[in-house]
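Chemist: First the structure, then my questions, so here it is.
The values are calculated or read from the model by the stated rules, or taken from the named source; none is laboratory data. Predicted model, so just to flag it, every value in this text is computed and none were measured. Glycine also receives a Cβ, built like all others from the backbone with ideal geometry; neighbour counts cover every protein chain displayed.
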């Protein structure tokens, strides 16, 4: 290993090539290597199949180098790789096939690069990723489809990117809320533009601010969003649908004037007045019922007394002729 200026640790199956002034990835490495440390060098390019001789690699650290691009076959053959560290390089573009040959990849760190955008997927075999870091890049947006293609994601780091919080970030906001609700960990997204949202946490930007945006794509699943967000989401989608057909002049997705909030005191007063009116009506109905019953009782009593009096008079009149005849 002296010819490569690297240190080989047989017990841990580690090859340490840190701080060796390398400009290319070393070759003729022990095939049983599990950990390869290449940080703090000057490696500027990763050739195709650069690690084909070390198929058992589980940890590859390429941080703090000068890598500017990654070919689609740069990591070919590393089927057992679990941790890939590419921080502090000059990567500006990531191909959607770059990580396809890494079916057991769990942690991918792309922080502190110059990445302007990411593809809709990191590859066909990246569903085992649990940690994704894109901190300290130049990302303006991130497609929700990419995050949904990583079902086992537990930690995602977004810090220090110039996030553009316009209509394009709406889907990302929905995904992030659902992700945190399910127990995921994130450092959040801080808006850089537009000016009226600069420095604000994306999660704290009200849904009403996106009222004029087009409806979310068909792949948005409301069932995955927490219940207390659903009503807001449905309302915002409804407003968006109306605005899409009613006003096409707001193509830059600038927010409408803030809608006037409902007055809670007026609502309470309405409820109280309604209750009082209902109470008065009920009392009037009760009084009418009591009055009706009382009137019926008095009428019945009157008829009974009148009937008794009539019978009494009739019996007296019948007795008087009989008595006079006796006299």
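Chemist: For residues that are modelled with pLDDT of 90 or more, farther than 21 Å from residue 151 by Cα and assigned to a loop (DSSP other than H, G, I, E, B), tally how many sit in region 178-236.
Modeler: Adding up the residues that qualify gives 3.
Chemist: Follow-up. Output the strands (runs of 3 or more DSSP E) that fall wholly within region 1-98 and possess 1 or more residues being at pLDDT 95 or above and more than 30 Å from residue 142 (Cα to Cα), or say none.
Modeler: 14-16, 35-37
To keep it simple, each residue is scored yes or no on (1) surrounded by 20 or more Cβ atoms within 10 Å (Cβ to Cβ); (2) under 23 Å from residue 91 (Cα atoms).
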site: 120; (1), (2): no, yes
site: 129; (1), (2): yes, yes
site: 146; (1), (2): no, yes
site: 150; (1), (2): no, yes
site: 164; (1), (2): no, yes
site: 171; (1), (2): yes, no
site: 182; (1), (2): no, no
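Chemist: For residue 136, all conditions in the list (1) surrounded by fewer than 21 Cβ atoms within 10 Å (Cβ to Cβ); (2) modelled with pLDDT of 95 or more; (3) within 30 Å of residue 197 (Cβ to Cβ); (4) in contact with a strand residue (DSSP E or B) (Cβ under 9 Å, 6 or more places away or on another chain) hold save one; what is the number of the exception?
Modeler: It fails just one condition, (4).
Yes/no per residue for (1) surrounded by 10 or more Cβ atoms within 10 Å (Cβ to Cβ); (2) modelled with pLDDT of 80 or more; (3) not in a helix (DSSP H, G or I):
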{"site": "270", "(1), (2), (3)": "yes, no, no"}
{"site": "273", "(1), (2), (3)": "yes, yes, no"}
{"site": "284", "(1), (2), (3)": "yes, yes, no"}
{"site": "288", "(1), (2), (3)": "yes, yes, no"}
{"site": "292", "(1), (2), (3)": "yes, yes, no"}
{"site": "316", "(1), (2), (3)": "no, no, no"}
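Chemist: Being modelled with pLDDT under 95, under 21 Å from residue 79 (Cα atoms), out of contact with any strand residue (DSSP E or B) (no Cβ under 7 Å at 6 or more places or on another chain) and surrounded by fewer than 18 Cβ atoms within 10 Å (Cβ to Cβ) is the requirement here; does residue 125 meet it?
Modeler: Here the answer is yes, as residue 125 does meet what is asked.
Chemist: Please tell me if residue 156 is within 30 Å of residue 103 (Cα to Cα) and at pLDDT below 95.
Modeler: Judged against the criteria, residue 156 is not a match.
Chemist: Further question: Anything in region 99-126 that is more than 17 Å from residue 161 (Cβ to Cβ) and not in a loop (DSSP other than H, G, I, E, B)? List them, or say none.
Modeler: 107
For every residue, the table says whether it meets (1) touching a strand residue (DSSP E or B) at 6+ places or on another chain (Cβ under 7 Å); (2) closer than 27 Å to residue 82 by Cα; (3) in contact (Cβ under 8 Å) with a residue 40 or more places away in the chain; (4) exposed (fewer than 15 other Cβ atoms within 10 Å of the Cβ).
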{"position": "142", "(1), (2), (3), (4)": "no, yes, no, no"}
{"position": "156", "(1), (2), (3), (4)": "yes, yes, no, no"}
{"position": "167", "(1), (2), (3), (4)": "no, no, yes, no"}
{"position": "189", "(1), (2), (3), (4)": "yes, yes, no, no"}
{"position": "201", "(1), (2), (3), (4)": "yes, no, no, yes"}
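Chemist: Looking at (1) over 21 Å from residue 102 (Cβ atoms); (2) surrounded by fewer than 15 Cβ atoms within 10 Å (Cβ to Cβ), which is the one condition that is false for residue 8?
Modeler: Condition not satisfied by residue 8: (2).
Chemist: Being closer than 25 Å to residue 113 by Cβ and either modelled with pLDDT under 90 or assigned to a strand (DSSP E or B) (or both) is the filter here, so list the residues in region 160-170 that pass it.
Modeler: 163, 164, 166, 168, 169
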